[in-house]
Amino acid sequence: MGALLRSAWCVFQRNLLVYRHVWRGSLFMGFLSPLLFLLSMGLGVGALVRTEGVLPAGASFLTFLGSGLLASTCMQTGSFESSFPIVGKMVWRRNYEAMFATPVSVGAIVLGELLWLAARLVMVAAAFACVLAAFGVGTLASLVPAVAAAVLTGLAFGACVMAYAATLRDGANFNALFRFGITPLFLFSGVFFPITRLPAPIRWLAPTTPLFHGVELTRGLVLGTLGAQAAVIHVTYLVVMVGLGASVAYWIFRRRLWT
Amino acid sequence: MPSSEGALVSARRLTKRFESFTAVGGIDFDVQPGEAFGFLGPNGAGKTSTMRMIGCASPVTSGELRIFGMDPRRDASRIKAKLGVVPQLDNLDAEITVRENLEMYARYFDVPKAVARARVEELLDFVQLTDRAGSKVEPLSGGMKRRVTIARALVNNPDLILLDEPTTGLDPQARHLIWERLYRLKRDGATVILTTHYMDEAEQLCDRLVVMDKAAIVAEGSPRQLIERYVTKEVLELRLSPDIRASLDGRLDGLAERIEVLPDRVQLHTADGERALEHVYTRGIPIESALVRRASLEDVFLRLTGRTLVE
């Protein structure tokens, strides 16, 4: 166990070292893009819509949208960071092969990647939460747990995409994943409007999808409306997703590296 | 078969199968401490699969493999801690600097930071990259990347160094610099296992080698022994005009132990090339040019791994 954690920490440090050279490129995706959504939708569209009686706890549209974006941004960051970068390290640059030639085990590689993903998600979510606070959305006491919820959402997606990415020989399939998986979830999981506004079949389907749970959990914490039972359901859903994704990722990493 | 007593690596009936394809078909070998041991063979002979099993990166399908007396099935991490691996394709971290690559790799081996720092500077000097230590890996030339990879394989002060085709794809200058560095490692007593399909590389660097072909070992010995065993001392190479070659019709018979007709030349394998050449002149065979050379491992290699021969 000690060796596993120590090696996983090395993998984490390796990613941090690389990130210190390439962090500028990640700013748009992680930070500027959600900020632009918040400004255009939250302030622009928000001025046009009537929210009384539609949004929970009498929230303003900006608060409603901002808390949803916090979760969806983590979904996008978690998915993206586990897509091309993983294929790069597995196939293009073969960095995992280099690590696996040392005492670093497959388990340590996967655990190190998940730890690093969590760290990246904390950076992105914390930065976005600061912007929300600057716009008067939420309070420190509500935003800290909301950041944790958003990070959990990102990890759930990240672990699953990581498992998928490890099966690939190149990155071509990711376009389909983002176009037909991530983007529809972004649009129809209650980030921009309550899912009660969706037509019947989609309205029933939405609560089964992962981003819905991430958004509900994060928003509930920002607004202070989260019930205990709902909290348990959302957290369980996301934690199970992390566990499944991580287990499958471990299995596939092992099959790829130990051949 | 030499005894495995005291061997750093010992393999018996070592086999690697990928589904129905047999990459390594039950080979035996031992590598002694301080030895430079080579796997020579054409592409697809099973060299890399063997190296990957020794490096504990690939499970053994059947047979026995012991590295430092340990079983890779149980002690992979402990074995890897004492190995230095130079893979066939560089797998450096391209986005970070040369020095960072080495320091990071030392951490994977749990080398204490202060020790690692001193060791990295030594190694940068050893591979003559001290002046590029702060530059990123990405823009470096192929030869420089290879040197970084070699230095990286040495950060843990390994007891055994595995080099899979260390100079494939490099230009002659880069290749000679790497040979020179590897020769120094060898002289300093390192145990080295390398694969290559370059005969000159095997001749330069290996104390002992095995020739692999189609998943099996087809010959074993020192470069000198193999040359003595499988080829004659000298080779007379004749270049003939195409019509003369077509009408040779046995006129070279009896001039050499073995005559090999190639598309562009004829090779006469003989103990005394000059004498054979005299006979060629005496028989009045018009030749465009002639070259007498010492037989090399290349002749052994081609003899053993194929090219249709005229005996």
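Legend: translational diffusion of segment B:149-279 by Stokes-Einstein, Rh = Kirkwood radius over C-alpha pairs, 20 °C, 1.002 mPa s; D = 120 µm²/s. Mind checking the angle between helix B:172-187 and chain B's longest principal axis? C-alpha axes, 0 to 90 degrees, to the nearest 10. That helix lies at roughly 70 degrees to the long axis.
Specify the residue with the greatest mean-square fluctuation among A:L48, A:L198, A:L221, computed from a Gaussian network of chain A linking alpha-carbon atoms under 10 Å apart. Checking each option, the largest mean-square fluctuation is seen for A:L48. For the residues B:T191, B:T282, B:T232, a GNM of chain B with alpha-carbon springs under 10 Å puts the largest fluctuation on B:T282. Considering only alpha-carbon pairs that sit under 8 angstrom and 6 or more positions apart, the relative contact order computed for segment B:9-227 is 30 percent. Looking at segment B:220-311, the pairs of alpha carbons with a distance over 15 Å make up 58% of the total. Relative contact order, whole percent, for chain A stands at 28, derived from Cα pairs under 8 Å and 6 or more residues apart.
Helix content alone sets the calculated 222 nm mean residue ellipticity of chain B: runs of n ≥ 4 DSSP H residues at -39500 (n - 2.57) each, divided across all residues, give -10500 deg cm²/dmol.
At the residue level, B:E257 shows approximately 140 square angstrom of accessible surface with a 1.4 angstrom probe and all protein chains present.
With only Cα atoms counted, segment A:181-225 has Rg and Dmax values of 10.2, 30 Å. Accessible area per residue (1.4 Å probe, heavy atoms of protein chains only) ranks A:T208, B:T97 as A:T208, B:T97, with the largest value leading. Here's how it looks for B:I161: its modeled amide H is under 5 Å from those of B:G84, B:T191, B:V192, B:I193, which are all 5 or more places away or on a different chain. Between 0 and 90 degrees, rounded to the nearest ten: what's the tilt of helix B:113-126 against the longest Cα principal axis of chain B? Orientation of helix B:113-126: about 20 degrees from the principal axis.
Dividing the summed helix terms, -39500 (n - 2.57) for each DSSP H run of n ≥ 4, by the number of residues in chain A produces a 222 nm estimate of -21500 deg cm²/dmol to the nearest 500.
Beyond 24 Å in Cα-Cα separation lie the following of the pairs B:K16/B:K214; A:K89/B:K186; B:K16/B:K80; B:K47/B:K113; B:K47/B:K82: A:K89/B:K186; B:K47/B:K113. Given a 1.4 Å probe and the protein chains as shown, B:R73 ends up with an accessible area of around 140 Å².
For the pair B:Q173 and A:S33, a Förster radius of 41 Å applied to the C-beta separation gives a FRET efficiency near 0.30, rounded to the nearest 0.05.
On the beta carbon distance between A:S40 and B:S141, with R0 = 51 Å, the FRET formula returns roughly 0.60.
For segment B:232-294, relative contact order (Cα pairs under 8 Å, six or more residues apart, normalised by length) works out to 53 percent.
Ordered by 1.4 Å accessible area with all protein chains kept, A:W258, A:W9, A:W23, A:W251 run largest first as A:W251, A:W9, A:W23, A:W258.
Each Cα pair of chain A feeds into the Kirkwood radius, which the Stokes-Einstein equation turns, at 25 °C and 0.890 mPa s, into a diffusion coefficient of 130 µm²/s. In terms of the mean number of neighbouring beta-carbon atoms within 10 Å, the peptides B:149-156, B:114-121 order highest first as B:149-156, B:114-121. To the nearest 10, the accessible area of B:R107 is 70 Å² with a 1.4 Å probe. Along its principal axes, the protein assembly as shown has C-alpha extents of 112, 54, 46 angstrom, given from the largest down.
The phi-based Karplus calculation (6.51 cos²θ - 1.76 cosθ + 1.60; θ = phi - 60°) puts the 3J(HN,Hα) values of segment A:15-24 at 5, 4, 4, 5, 4, 4, 8, 10, 4, 4 Hz, whole numbers, x for Gly and Pro. Give me log10 I(q)/I(0) at q = 0.07, 0.08, 0.13 Å⁻¹ for chain B, Debye formula, one equal scatterer per alpha-carbon, no solvent. After summing over all Cα pairs, the log10 values are -0.35, -0.45, -0.95. Show the residues, 5+ positions off or on another chain, whose built amide H is closer than 5 Å to the amide H of B:G38. Amide H neighbours of B:G38, under 5 Å, 5+ apart: B:L194, B:R208, B:L209, B:V210.
I want to verify the translational diffusion coefficient of segment B:33-137 in µm²/s; compute it with Stokes-Einstein, Rh as the Kirkwood radius over Cα pairs, at 20 °C and 1.002 mPa s. Translational diffusion coefficient: 134 µm²/s. Comparing mean-square fluctuations of B:I79, B:I244, B:I227 from a GNM of chain B with C-alpha springs under 10 Å, the top value falls on B:I244. Annotation: extensible slack from A:L140 through A:T236 equals 32.1 nm (criterion: 0.36 nm per residue apart, minus Cα-Cα distance). Taken over segment A:204-259, the percentage of Cα pairs per 10 Å bin, counting from 0 up to the bin with the maximum distance, is 22, 38, 22, 14, 5, 0.
Principal-axis analysis of the Cα atoms of chain A puts helix A:140-165 at an angle of about 50° to the longest axis.
The values are calculated or read from the model by the stated rules, or taken from the named source; none is laboratory data. Note that this is a predicted model, so its numbers are computed, not measured. Ideal geometry is used to build each Cβ from the backbone, glycine not excepted, and the neighbour counts take in all protein chains shown. The area values use the complete protein model at the heavy-atom level, side chains included, leaving out ligands, DNA and RNA. Shrake-Rupley method; radii C 1.70, N 1.55, O 1.52, S 1.80 Å.
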